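Worksheet for the structure shown next.
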4 protein chains.
Amino acid sequence: MIDFQGLLNNIHDDLKTREDKGVVASYIPELSKQDVNTLGLYMQHIDGRSFSAGDAFTPFSIQSISKVLALSKAIAFEDNKIWERVDVEPSGNPFNHLSLLELENGIPRNPLINAGALVIADILVTHLENPKEDFLQYVRNIANDQSIKYNFKVADSEERTGFNNFAAAYLLKSFNNLNNSVDDVLDFYFHQCAIEMSCEQLSKAFYLFANGGQCMQGNQHIPIQQAKRINAIMLTCGFYDEAGEFAFEVGLPGKSGVGGGIVALLPNNFILATWAPGLNPRGNSLIGMQALEQFTSQTNLSIF
Amino acid sequence: MIDFQGLLNNIHDDLKTREDKGVVASYIPELSKQDVNTLGLYMQHIDGRSFSAGDAFTPFSIQSISKVLALSKAIAFEDNKIWERVDVEPSGNPFNHLSLLELENGIPRNPLINAGALVIADILVTHLENPKEDFLQYVRNIANDQSIKYNFKVADSEERTGFNNFAAAYLLKSFNNLNNSVDDVLDFYFHQCAIEMSCEQLSKAFYLFANGGQCMQGNQHIPIQQAKRINAIMLTCGFYDEAGEFAFEVGLPGKSGVGGGIVALLPNNFILATWAPGLNPRGNSLIGMQALEQFTSQTNLSIF
Amino acid sequence: MIDFQGLLNNIHDDLKTREDKGVVASYIPELSKQDVNTLGLYMQHIDGRSFSAGDAFTPFSIQSISKVLALSKAIAFEDNKIWERVDVEPSGNPFNHLSLLELENGIPRNPLINAGALVIADILVTHLENPKEDFLQYVRNIANDQSIKYNFKVADSEERTGFNNFAAAYLLKSFNNLNNSVDDVLDFYFHQCAIEMSCEQLSKAFYLFANGGQCMQGNQHIPIQQAKRINAIMLTCGFYDEAGEFAFEVGLPGKSGVGGGIVALLPNNFILATWAPGLNPRGNSLIGMQALEQFTSQTNLSIF
Amino acid sequence: MIDFQGLLNNIHDDLKTREDKGVVASYIPELSKQDVNTLGLYMQHIDGRSFSAGDAFTPFSIQSISKVLALSKAIAFEDNKIWERVDVEPSGNPFNHLSLLELENGIPRNPLINAGALVIADILVTHLENPKEDFLQYVRNIANDQSIKYNFKVADSEERTGFNNFAAAYLLKSFNNLNNSVDDVLDFYFHQCAIEMSCEQLSKAFYLFANGGQCMQGNQHIPIQQAKRINAIMLTCGFYDEAGEFAFEVGLPGKSGVGGGIVALLPNNFILATWAPGLNPRGNSLIGMQALEQFTSQTNLSIF
């Protein structure tokens, strides 16, 4: 039997001493204040056991990780109908690239690039009565933690400087693939990305994807088939133009965010969340990627 | 316990009656003669049991499925050194698209698009004493079947008309990413694609990828870590610009060929090969994709 | 000596009877009301003579033709400094294509595609005290006609539906290539495009480009070198992805607009403006292109 | 009246002293031996006068300049029929870029990029009895100089190393846009590019384009309309992704070659050929471009 606690400790101690820890995202003032030496690891086993190392209980900005949670909620509302408005193919491009969007008539390549996430946000704005409040409540429910909240400074900051997302939203609008106003969709989207969660909270929130759509409290949020599909999309599209590399090196469905967080999971087995704010040139947490690589190569626990 | 034989029978009988069976590849005369109504299914369980339905024992042209076998042999020779010459990212483009090759300075996106497979072929031509004979022998060995052979008519036909592959090879050569002559590499490559195998033979040959690198006879052809990596590449890149869709709908690593074959596998569990010559617009077997989709949705056996 | 009046009459009469007159732009309600059978021609010779046929004195929406006038004003302010923010190469793409903008780090390919025209608009918003009033006055001055005015309905309509231009502006902003707010730049830009002028007024306004920078009243608005450069840009970039075709078939610098207008000129010789609201699939006036082709092939008056 | 001889002398003397003279093409051994300090200028006036400075009478490898001569011969054979197989739009890409070729189904963007020039070469191989001999004789005739010849070493060198051209030719073949064999077309093409001519000989050969299709000896090689069209193509496509820049800075139709030559012309006025082997990063002669820029800005002789 694997000594998960010992393994997390070893990985934590090894990576803490690395010289190259990547570069903290600087385009949002709130994110740039993060300490590049921070490292948190939290593993939630499907059988209920959990293990942690380092800074596993401090909330940080989940950013793009929120796209998976939003996707699961959109699927709960519209099921397979959402695939008429967004595709499921890897993009082979950076997260904020607009050219593929144009070539394919306004259908984003997948729901985890920004353009696709905006379509998902549009769906949620349509279905939720109080979009921001209701979505936060959904996240609190699946994580079973009412303390999770928005960082409004981060949302405001994005609202003032996220011009690329405005461009993507208007481009979608020009292709008739946005039903609500650009301002409403972006206001929701920037808040969604500005949710703050710890490694522990992320692991608990993603439990449902490792557990056939059922969260730790036993509620079936989405059908098992849809949970599997979300895992497939995470695997093929969860790390921008580094998705193939992550599948290759780590071998788990997962999702990263520019706040330095990563959540990965082995279906019916475990969820592992990491937080290390320094990013590699492709926008994924440098140390987080290494932690996951060490974990799967030492345990041989991967989907492949 | 799942009744695999009954399931294969049901899938076979259901799909046999479908009206739309896709279009048989016409660009190679030998392939165009295939009967669109052919349907073969063969399942090899990791525990030794096997099941079949329909035309499971007739050899057909494996075409691009051979890329996975060639990759495994190249890895046996050069291990991770091959990744200096070919990347592991999904391309988001059709199998024969050259533009991405150019944008990235002659490094193909992955070893399963044509340009990448040519780099792999170049590696084998460098290492094998008698490339064509030795590679065929390797395939015979891992499938444990000495009757497997080349269809020289198909190879000749490709050699006379495969201009797109000539273009890709010369482009690689112009980027110094081909060490042998274009003619030598293409002669090998066209033969590699012209190997004929049945669903049964393919299932046995791919056993090693489902079994941590060890074939049915117990020989360790590649390390477990590399077997996992090949599975990851199959999942993210095995179906051209339909890779995301296949991961999403089927949820298994696999590889298709324009001869109408598909092999898919669940690590440590089973290998399933299908043959149905009619292709969908993206070049993958239409009925084969549906057979695999039915199989995984009815058994819930997928990596996700 | 050429009988210009007879020639204009013949061209007018011939083209009036054509069955295929193209399709009137429908995305702006005001433009869609135009009569596809309208045809106006006005030729202003550099020596002062002028000739006309058909509907040459009715104002219409000049749309993208305004980009040349805005460019000339921006050059008057900043001279060659503007080329740090916009390039002078043909795009090979439709007028509203954003992907090239991204690949080249926010520097639009040329000032006559939408993205480039937005950079020019940004420059004018920076330099003009009352941008909309002052720019209209500039156009009135060079055309020597104080009756020229904006169509505010057209500008409003664009402001409510021109999502593609919003996308381009935000993308420029994300690359730090827009100094003023997106709203201010677009408000100016939509008005600039909504100027209404007749063929006669356009011919007189473009006189300065055929006359080394000097308008009919004798004022030197830009240096001769810059007038030549603007002509060069019109020739290589004035007709979107049909620029090569226009140079090839007509052989004159010119600019088209989706309102159905085209202005072309032979330096030191003449300016010829046409108006025919039906567009070809690439967004240029179908009958206008033919009128210009007939004119230059029958007179052999072209820059080549 | 302009003192052309004095002007050529001044330009020659000024540019001879420049420090940055660009980089001599190194991919062909024969070309790499050229002296970067060489500078030749030759101006042929339409009225028969001629002027020269520096190394104007030494033959050098004309390379891509030959594409214009080949185009004129193809037009003599097939007139406008050639435009079914090659377009006339600027490419916005480097001379050897293949991706646009693919997106547009095997129709090269214009006859002056490599792919387009290969289609033209294919036309000549179809029509000429002894392609290489006959084409050379055509060039000798229009230049009225029987001493012009191929440099077989350069042709051989290209034949052994021009992999990118092989790639382009095979890609065209895969799109059914090459009627002869790749080997035959490339053998012709590499010889065409390996013609050696001096600035004087180039000026005399291009006389026909400045003179409505009629060469100095009075023979009408192509109709005036076609001469104008070739000039238009030179202007929009003659300098790869620097075509807009050349039109903007120089304002003349022209064509460059990697041997360091440039020919430009003002219709009904003059032809000016330059030779300076150092290239700028875009593959055009650095000093040659400056010479032409100085000439047109000091004389105000341009088409604009």
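Tabulated data
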item: Total residues in the range C:210-234, condition under 12 Å from the mean Cα position of the chain (by Cα) and either more than 18 Å from D:Ser297 (Cβ to Cβ) or polar (S, T, N, Q) (or both); result: 2
item: Unmet criterion (only one of (1) modelled with pLDDT of 95 or more; (2) within 16 Å of C:Met289 (Cβ to Cβ)) for C:Asp35; result: (2)
item: B:Val182 vs. criteria of a type in the set (Val, Ile, Thr), within 14 Å of chain D (Cβ to nearest Cβ) and in contact with a Phe, Trp or Tyr (Cβ under 8 Å, 6 or more places away or on another chain); result: yes
item: Pick from the range A:40-60, criterion over 20 Å from A:Lys21 (Cα atoms) and aliphatic (A, V, I, L, M), ranking: nearest to the chain's Cα centre (by Cα); result: A:Met43
item: Any hit, the range C:48-59, residues being in contact with a strand residue (DSSP E or B) (Cβ under 9 Å, 6 or more places away or on another chain), under 22 Å from C:Glu200 (Cα atoms) and in a helix (DSSP H, G or I); result: no
item: Residue match in the range D:228-239 (condition: of a type in the set (D, E, K, R), in contact with a helix residue (DSSP H, G or I) (Cβ under 9 Å, 6 or more places away or on another chain) and under 25 Å from D:Asn37 (Cα atoms)); result: no
item: Test: residue in the range A:31-45 that is of a type outside the set (S, T, N, Q), closer than 30 Å to A:Gln226 by Cβ and surrounded by fewer than 22 Cβ atoms within 10 Å (Cβ to Cβ); result: yes
item: Among the candidates B:Leu136, B:Leu178, residue that is in contact (Cβ under 8 Å) with a residue 12 or more places away in the chain and part of a helix (DSSP H, G or I); result: B:Leu136
item: Criterion (assigned to a helix (DSSP H, G or I) and more than 9 Å from every other protein chain (Cβ to nearest Cβ)) met by exactly one of C:Lys153, C:Lys173; result: C:Lys153
item: Where D:Gly251 falls short, out of the listed (1) farther than 25 Å from D:Phe77 by Cβ; (2) of a type in the set (Gly, Ala, Ser); (3) not in a loop (DSSP other than H, G, I, E, B); result: (3)
item: Residue among A:Val258, A:Val250 that alone is farther than 17 Å from B:Gly244 by Cβ and touching an Asp or Glu at 6+ places or on another chain (Cβ under 6 Å); result: A:Val250
item: C:Gly259 buried (at least 24 other Cβ atoms within 10 Å of the Cβ), in a loop (DSSP other than H, G, I, E, B), of a type outside the set (Val, Ile, Thr) and more than 10 Å from chain D (Cβ to nearest Cβ); result: yes
item: Residues satisfying the stated conditions in the range A:24-57, i.e. under 15 Å from A:Ala273 (Cα atoms) and among the acidic types (Asp, Glu); result: A:Asp55
item: Number of positions in the range A:209-226 that are within 12 Å of chain B (Cβ to nearest Cβ), surrounded by fewer than 23 Cβ atoms within 10 Å (Cβ to Cβ) and hydrophobic (A, V, I, L, M, F, W, C); result: 1
item: Residues within the range A:92-111 that are in contact with a Gly (Cβ under 6 Å, 6 or more places away or on another chain) and either of a type in the set (A, V, I, L, M, F, W, C) or at pLDDT below 90 (or both), tallied; result: 1
item: Test: residue in the range C:185-197 that is free of Cβ contacts under 8 Å to residues at least 24 places away in the same chain and within 14 Å of chain A (Cβ to nearest Cβ); result: no
item: Residue match in the range D:151-162 (condition: at pLDDT 95 or above and aromatic (Phe, Trp, Tyr)); result: yes
item: Residues that are buried (at least 24 other Cβ atoms within 10 Å of the Cβ) and either more than 15 Å from the chain's Cα centre (by Cα) or not in a helix (DSSP H, G or I) (or both), drawn from the range D:235-245; result: D:Gly238, D:Phe239, D:Gly244
item: Some residue of the range A:77-99 being part of a helix (DSSP H, G or I), within 20 Å of A:Phe166 (Cα to Cα) and of a type outside the set (Asp, Glu); result: yes
item: Residue within the range A:284-304 that is surrounded by 24 or more Cβ atoms within 10 Å (Cβ to Cβ) and over 29 Å from B:Asn268 (Cβ atoms) present; result: yes
item: Exclusive hit being closer than 30 Å to D:Asp241 by Cα, surrounded by 24 or more Cβ atoms within 10 Å (Cβ to Cβ) and aromatic (Phe, Trp, Tyr), set C:Phe166, C:Phe270, C:Phe206; result: C:Phe206
item: In the range D:101-156, the residues that are crowded, with 17+ Cβ neighbours inside 10 Å and among the aromatic types (Phe, Trp, Tyr); result: D:Phe135, D:Tyr138, D:Tyr150
item: Any pair with Cβ under 6 angstrom, 6 or more apart, that starts in the range D:269-295 at a residue that is within 18 Å of D:Ile28 (Cβ to Cβ) and ends at one that is charged (D, E, K, R) and outside any helix (DSSP H, G or I); result: D:Gly278/D:Lys21
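Let's see how each residue does on (1) assigned to a helix (DSSP H, G or I); (2) within 14 Å of chain D (Cβ to nearest Cβ); (3) at pLDDT below 95:
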{"site": "C:Pro281", "(1), (2), (3)": "no, no, yes"}
{"site": "C:Ile287", "(1), (2), (3)": "yes, no, no"}
{"site": "C:Glu293", "(1), (2), (3)": "yes, yes, no"}
{"site": "C:Phe304", "(1), (2), (3)": "no, yes, no"}
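The values are calculated or read from the model by the stated rules, or taken from the named source; none is laboratory data. Because the structure is a prediction, the values reported are computed rather than measured. No Cβ is skipped: glycine too gets one built from the backbone with ideal geometry, and neighbour counts run over all protein chains shown.
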